[in-house]
Amino acid sequence: MMWRSMKKLTSGLITTVLSMLLIVTVFTVILQQATDGTPNVFGYQLKTVLSGSMEPEFQTGSIISIHPQEDTTQFQKGDIITFQNSDGMVITHRVEEVKNNGEQYVTKGDNNNRADSELVVADSILGQYTGFTIPYVGYATQFANSEEGALFLLIIPGVMLVGYSIINIGRALRQVETSSKEKTEVSNHQ
């Protein structure tokens, strides 16, 4: 009796976990695709760190939170800002020097030997680093943003859930057959 209730509890738990995993994955993939890979959480943007230029402040593969700023001319030396350079790359570096009353900034990665060659124009600033970092999660986010990753993260939990459901249906059918045979045997012996 105890074994059956444990089996039933485990079965329900596995089904719930697989269902939740599928729902969370679908929601994450849709959110990533709808926001062009830049999810917003309570007004903060999450960015993936793709290089080691700001180590040890944050590691490659981390997710960092930035807060979009309306006034992009207010940054001071030492602030960490996220901006888009002329090639369209999103970069997060520290302000080294403020020029023209904040209309332009000289930036540098903490782990780089020299300042960035291009001045950062205030209009190209996306936001300021909030100090919130989650190490290594960015690798998973980058994978989920890829076409292969999205398919993998949607298909695998779905296949697992369907497979597990088929196993459970098979067990239920065997139990029904066993129960029917027992009833037939009991009625034949009477």
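The values are calculated or read from the model by the stated rules, or taken from the named source; none is laboratory data. These numbers come from a predicted model, not from an experiment. Quick reminder, even Gly has a Cβ in these numbers, built from the backbone with ideal geometry, and neighbours come from all protein chains shown.
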- Query: Cβ-Cβ below 8 Å, separation at least six or inter-chain, first residue in the stretch 69-96 and modelled with pLDDT of 90 or more, second exposed (fewer than 10 other Cβ atoms within 10 Å of the Cβ): which pairs?
  - Reply: ARG94/GLY78; VAL95/GLN76; VAL95/GLY78
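Can THR60 be described as under 20 Å from ARG94 (Cβ atoms) and either among the polar types (S, T, N, Q) or modelled with pLDDT under 80 (or both)?
Details: under 20 Å from ARG94 (Cβ atoms): yes; either among the polar types (S, T, N, Q) or modelled with pLDDT under 80 (or both): yes.
Judged against the criteria, THR60 is a match.
Residues THR130, THR92: which one is under 20 Å from the mean Cα position of the chain (by Cα) and surrounded by 19 or more Cβ atoms within 10 Å (Cβ to Cβ)? Spell out the reasoning first.
Values: THR130 fails: surrounded by 19 or more Cβ atoms within 10 Å (Cβ to Cβ).
Exactly one of THR130, THR92 is under 20 Å from the mean Cα position of the chain (by Cα) and surrounded by 19 or more Cβ atoms within 10 Å (Cβ to Cβ), namely THR92.
Return the residue satisfying two criteria in turn: it lies in the stretch 133-178 and is among the hydroxyl-bearing types (Ser, Thr, Tyr) and over 18 Å from the mean Cα position of the chain (by Cα), and of such residues it is farthest from VAL106 (Cα to Cα). Working first, answer last.
The first filter runs over the stretch 133-178 and keeps only residues among the hydroxyl-bearing types (Ser, Thr, Tyr), leaving 133, 136, 139, 141, 146, 164-165, 178.
After this cut, where a residue has to be over 18 Å from the mean Cα position of the chain (by Cα) as well, the list is 164-165, 178.
On the way: TYR164: 56, SER165: 58, THR178: 77 Å.
The extreme case among them is THR178.
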- Item | Wholly enclosed strands (runs of 3 or more DSSP E) of the stretch 41-100 bearing at least 1 residues under 16 Å from ASN111 (Cβ atoms) | 63-67, 80-84, 90-99
- Query: Condition test on GLU97, is it closer than 23 Å to SER51 by Cβ and charged (D, E, K, R)?
  - Reply: yes
- Out of all the residues in the stretch 106-152, which are at pLDDT 80 or above, out of contact with any His (no Cβ under 9 Å at 6 or more places or on another chain) and not hydrophobic (A, V, I, L, M, F, W, C)? ASN111, ASN113, ARG114, SER117, GLU118, ASP123, SER124, GLY131, THR133, PRO135
